[in-house]
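Undergrad: Before we start, here is the structure in question, set down as structure tokens.
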Amino acid sequence: MENVLKANTITLVVPVFNEEKAIPLFVEQLETSLFEINLKNSRKFKFQILFVNDGSTDASEFIIRNAKMTNAEIQLVSLSRNFGKERALFAGLTYALGDAVIPMDVDLQDPPEVIEQMLNKWSDGASIVNAKRISRSEDSWMKRTTATAFYRIFNFFAERPIPENVGDFRLLDRQVVDAVVQVGDKMRFNKEVFSWVGFTSEQVEFERPKRSDGTGKWSVWKLWNLALDGIFSSSTMPLRLWGYLGFLFSLLAFVYVIFVIVFTVVFGRSVPGYSSTIVMILFFGGLNLLSLGVLGEYIGRIFTEVRERPTFIVKSTFGLEEE
Ligand code: UDP
Ligand code: MG
């Protein structure tokens, strides 16, 4: 299709945060896979590996700069501090120059072998190629169940559902990347943006291996916040839910009022009501606080968005200048 006519540079965007141990292994394995892709296929690709140093405090930056000595295709965008993976990835997408871009984790949990299948689907005309994890057996039970629950809840609320068990690892055509970069959300949840922009998508499947080295950088608290950010930044459904809930409880209250009136007027008895009163007060008090919390989530987000601070700040770039 039209892709065949395009120049064929592929940028792999790799956010890193304190990954000095994982980087050399990653570069080595990736190089081998990329070399094999070009060896096997008649269609040749030019690969660029764009690292985004998300404010690492270890030797990550030094190692990346060193790796460039032997791998000319390495590029680096260094952020001024740790902005978190979502923003780091967005920074990478902003700077990526390729005709297609593939976000990848540095810990080899996104296996380089899958890239070839992605490229094939892209050549066949897909604008987005999602990589779906068919097995998450390497993740803990806790992570799997919470992830499943998250996708359920998210997709229940979302305007556009996101595919289950597809991480950031996917191929994005230049057109898609341009669209994604235009979405200026400060509270970013990239997976939602990737599906929000539309375009045709295809899917390849892979088994997710264990982390190559070090430990996962996502604490339970960070994941919880990511889930909340995801839901609240992409849907106003929770707000509407309170409307429905309010309506339901008004209806129940109305029925109860009738019951109380009938009871008093017809039977001439007033109900001794301490327990029912206190239960009502506590229940509706709790409900009020909860709905205020939901409102707070949105107001907080409005605050963050209207300040219009940049999504990330770049300290330096390396290897991008000569392009
Ligand atoms: N990462 C980042 N900034 C952060 C946390 C993580 O750039 O604040 C990078 C990390 O170096 C890795 C990728 O995001 O390349 C995924 O991180 P991790 O493997 O810890 O997450 P998981 O695989 O558990 O989702
Ligand atoms: Mg990982």
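The values are calculated or read from the model by the stated rules, or taken from the named source; none is laboratory data. None of the values given here were measured: they were computed from a predicted structure. Glycine also receives a Cβ, built like all others from the backbone with ideal geometry; neighbour counts cover every protein chain displayed.
Undergrad: Give me the residue from the range 253-292 that is small (G, A, S) and not in a helix (DSSP H, G or I) and, out of that set, farthest from P238 (Cα to Cα).
TA: That would be G268.
Undergrad: Please tell me if E20 is part of a loop (DSSP other than H, G, I, E, B) and either assigned by TED's automatic domain parsing to the domain that holds D168 or within 16 Å of ligand 2 (Cβ to nearest atom) (or both).
TA: Answer is yes for this residue.
Undergrad: Sticking with this one: How many residues are among the charged types (D, E, K, R), farther than 22 Å from G230 by Cα and at pLDDT 90 or above when one looks only at the range 64-112?
TA: 2
Undergrad: Here's a follow-up. Taking the range 66-116 on its own, how many of its residues are away from ligand 2 (no atom under 16 Å from the Cβ), over 30 Å from W221 (Cα atoms) and either among the hydrophobic types (A, V, I, L, M, F, W, C) or in a loop (DSSP other than H, G, I, E, B) (or both)?
TA: The total comes to 13.
Undergrad: Between D99, D107, which is touching a Ser or Thr at 6+ places or on another chain (Cβ under 8 Å) and within 13 Å of ligand 1 (Cβ to nearest atom)?
TA: Criteria check complete, one pass: D107.
Undergrad: Find all pairs meeting these conditions: Cβ atoms under 6 angstrom apart; at least six residues apart or on different chains; first residue within the range 20-41 and under 15 Å from I10 (Cβ atoms); second residue at pLDDT below 90 and outside any helix (DSSP H, G or I).
TA: What qualifies is L30/P112; S33/P112; S33/E113; N38/K44.
Undergrad: Here are some conditions: (1) closer than 18 Å to L30 by Cβ; (2) in contact with a helix residue (DSSP H, G or I) (Cβ under 8 Å, 6 or more places away or on another chain); (3) more than 11 Å from ligand 1 (Cβ to nearest atom). R65 meets all but one. Which one does it not meet?
TA: With respect to (1) closer than 18 Å to L30 by Cβ; (2) in contact with a helix residue (DSSP H, G or I) (Cβ under 8 Å, 6 or more places away or on another chain); (3) more than 11 Å from ligand 1 (Cβ to nearest atom), R65 is out only on (2).
Undergrad: Moving to a separate point now. Of the conditions (1) exposed (fewer than 14 other Cβ atoms within 10 Å of the Cβ); (2) small (G, A, S); (3) without any contact (Cβ under 8 Å) to a residue 60 or more places away in the chain, S80 satisfies every one except a single condition; which number is it?
TA: With (1) exposed (fewer than 14 other Cβ atoms within 10 Å of the Cβ); (2) small (G, A, S); (3) without any contact (Cβ under 8 Å) to a residue 60 or more places away in the chain applied to S80, the lone miss is (3).
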